[in-house]
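Q: Have a look at the structure that comes next, please.
Derivation of every value follows stated rules applied to the coordinates shown; laboratory data play no part. Treat the numbers as computed from the prediction; the structure is a model and nothing was measured. We place every Cβ from the backbone using ideal geometry, glycine too, and count neighbours over all the protein chains shown.
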């Protein structure tokens, strides 16, 4: 007959091990020892990698002038993307500020305290909270709200700075002369909403000129492809000899200058 006591003892030992608390000595000892510093990887921004790749590819394809052309083309493309992203961010920021002012105006008209209306900015979007959050904190502490708005305006872009200056002027006028804050903010809101709507219409109407500028910029590359189809060797002409390198640099400079001038004209057409 098999004795059940050893099996029961093993089962009890296993249960005790499962219920035993974890070892706490090792973490305490690790806290006392100096921790190894993490190795920082040298990572360049993606834009610099793009510029470097453009320079290397252009140099391999078209020589020294091709490397300069590749660097210029990559830097121009990066600048174009950054300018478009900044433009869209500015439009989004103005839209969030307009929504925040609309909510605050509605709350003030039903009798809410200005500090309470300003404190609800957390629900109006991340950009609105970033620029109006210091003013909300100043209102809670009884501090100068227009000064906080002007400090936020000094850190923002041109369009957001102008909008916040209008809000700060309206708030200061209400504090100094007792004018209805809801009425003053409604005037600033109307101006901001008009500018946002007008800017959206202008950007939509400029889609055609932007596409035309992109096509004109790509025409030299299409010309090189057409020359290869006709049996010529345009890349060889540009790569070999001092004259070809000079023509490549001059042509690239003219294309870049034309594109930058076009972008300047289109950028000036959008209201800020």
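Q: Place a label point 7 angstrom from the Cα of residue 183 along the Cα-to-Cβ direction, then list the residues of the range 97-139 whose backbone nitrogen is under 16 Å away.
A: 105-106, 108-111
Q: Separate question: Going by the alpha-carbon gyration tensor, a ≥ b ≥ c the square roots of its eigenvalues, is the range 145-201 rounded (a/c under 1.5) or, if a/c is not under 1.5, prolate (a/b greater than b/c) versus oblate?
A: It comes out oblate by the Cα gyration axes.
Q: Same structure, new question: Assuming R0 = 30 Å, what is the FRET efficiency of residue 147 and residue 197, from their Cβ-Cβ distance, to the nearest 0.05?
A: With a Förster radius of 30 Å, E is 0.50.
Q: Still on this structure, please answer the following. Go ahead and collect, in residue order, the members of the range 53-81 whose backbone nitrogen is under 18 Å from a label point 7 Å along the Cα-Cβ direction of residue 267.
A: 72-81
Q: Give me the percent relative contact order of the range 130-259, please, defined on Cα pairs under 8 angstrom at least 6 residues apart.
A: 12 percent
Q: Which order do the peptides 166-178, 226-238 take when ranked by the mean count of other beta-carbon atoms within 10 Å per residue, highest first?
A: For the peptides 166-178, 226-238, the packing ranking is 166-178, 226-238.
Q: So, one more: Within the range 97-114, whose backbone N sits under 19 Å from a point 7 Å along Cα→Cβ of residue 169?
A: 97-98, 101-102
Q: Pairs of Cα atoms under 8 Å, at least six residues apart: use those to get the relative contact order of the range 95-197, whole percent.
A: Computed over the range 95-197, the figure is 26 percent.
Q: Using the beta-carbon distance between residue 61 and residue 92 and R0 = 45 Å, what value does 1/(1 + (r/R0)^6) give for FRET efficiency, to the nearest 0.05?
A: 0.70
Q: Suppose the chain between residue 154 and residue 79 were pulled fully straight at 0.36 nm per residue; how much longer would it get relative to their current alpha carbon spacing?
A: 24.6 nm
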